[in-house]
Amino acid sequence: MSAVLRHQARRAAVLGSVLAVICGGIGGAVPAAAAENAPGTVLSAAAAVLPPELTPLATGQRISYASTNVSGATITVTGLVLTPKRQKAHKTVVWGHGTTGLADQCAPSDHLGVFWPEARAAIAELLNRGWTVTAPDYQGLGTADAHPYLIGGGAARTMIDSVKAARALDSSLGTQYAVDGHSQGGQGALFAGELAPSYDGALTLRGVAAIAPVSNVNLLAPLIPGTPGQGYLVMALYGLAAVQPSFDPLTVLAPPARQRVSVLQSGCLYEILAEYQSLNAGQLVLGGSLPQPVVNQLAQYDNPAQAAPSAPILIVQGTADEAVPYDITENVLLDQLGTAQPVTFVPVPNANHDGAVVASTATVADWIAARFTA
């Protein structure tokens, strides 16, 4: 949910206060299919065009690599590996981007228009610390699969496997890594912290930083119909359908909303938000409210903090966030994270959803550095 409701009316307060060149310089042939490879296997790599803010700081490769979905099937995903040009600390930090959309043109690794400004700022700070940064697109963005939007376990796998892929490209990288993400990526980062012990193999997760992470969807989703953020809910319904083929979003969406679903393939975040923002609740979903079974399924797949975290956690949250409510993060999510690992909470006064990322780049990087040296 990157850049959420930036151009939208104040009514949103109700939400909370709610592959190209084969293996570049690596050599070797690309395997015929991801299914033949272990998670993290690099399938292709090519020089990447980076945003101008990052070009002086890093060399980049756009890669495709093997990962798994929430059902355990092997899939192909894409993303970036950014190697700092100057100092090099031989550690890896994963950047999990916020919402870009559902279609292939919404993959940040080769579409700079959805490589959001706040992501560029966060990654620049990480590169300045000498860390290699991986930036996965997530399943289905840039590949033939459907994008399981907000399915946290799927994003977590692409994040962890991106570290394995980076180490396959650069043998000097050690096993220590951290995960850092915003909104959808912050949610995925929390899931990665829960999944790591059973999934990351020889890697060592040192910390999880989550900026305005999506959580408690069972509380938020029912409040969205009739608000300017309705495009997020439509995307979430299609994300659920990507992992539950028996669920058809068209059985929940009202006719005016159904007539607009083509934007999910023709546009990205802002086009989707604009297409849906003017509908009232009854025009978005049948009867004006989400069926409780659908809410329950969204919570099952989308809510982090359903398992104990395996590494220290940093939560950053803007007090003026217009998409991920501050109160939900502070008063609900923090309690749900429990005491199995240290949890540090940093409120950012008066910061909105994206502003919290920009304002906290040094804070987050300092915290990660402390985890790497602990």
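The values are calculated or read from the model by the stated rules, or taken from the named source; none is laboratory data. Quick caveat, the model's predicted, so the values are computed rather than measured. Neighbour counts are summed over all protein chains in view; Cβ atoms, including those assigned to glycine, are modelled from backbone coordinates with ideal geometry.
Descriptive notes on the structure:
- Some residue of the stretch 145-157 being within 20 Å of residue 47 (Cβ to Cβ), at pLDDT 95 or above and not assigned by TED's automatic domain parsing to the domain that holds residue 265: no
- Considering the stretch 37-104, the qualifying strands (runs of 3 or more DSSP E), each wholly inside and each with 3 or more residues that are crowded, with 23+ Cβ neighbours inside 10 Å and under 16 Å from the mean Cα position of the chain (by Cα), run over 74-84, 92-96.
- Residues of the stretch 105-114 that turn out to be crowded, with 17+ Cβ neighbours inside 10 Å and either in contact with a helix residue (DSSP H, G or I) (Cβ under 6 Å, 6 or more places away or on another chain) or of a type in the set (A, V, I, L, M, F, W, C) (or both), as a count: 5
- Each residue in the stretch 291-304 was checked for being surrounded by fewer than 23 Cβ atoms within 10 Å (Cβ to Cβ) and outside any helix (DSSP H, G or I), and 2 pass.
- Some residue of the stretch 197-216 being closer than 30 Å to residue 288 by Cβ and surrounded by fewer than 24 Cβ atoms within 10 Å (Cβ to Cβ): yes
- Scanning the stretch 234-276 for residues that are outside any helix (DSSP H, G or I), more than 22 Å from residue 293 (Cβ to Cβ) and either polar (S, T, N, Q) or modelled with pLDDT under 95 (or both) turns up 259, 262.
- Every test in (1) in contact with a strand residue (DSSP E or B) (Cβ under 8 Å, 6 or more places away or on another chain); (2) hydrophobic (A, V, I, L, M, F, W, C); (3) in the same structural domain as residue 141 (by TED's automatic domain parsing) is passed by residue 332 save one, and that test is (1).
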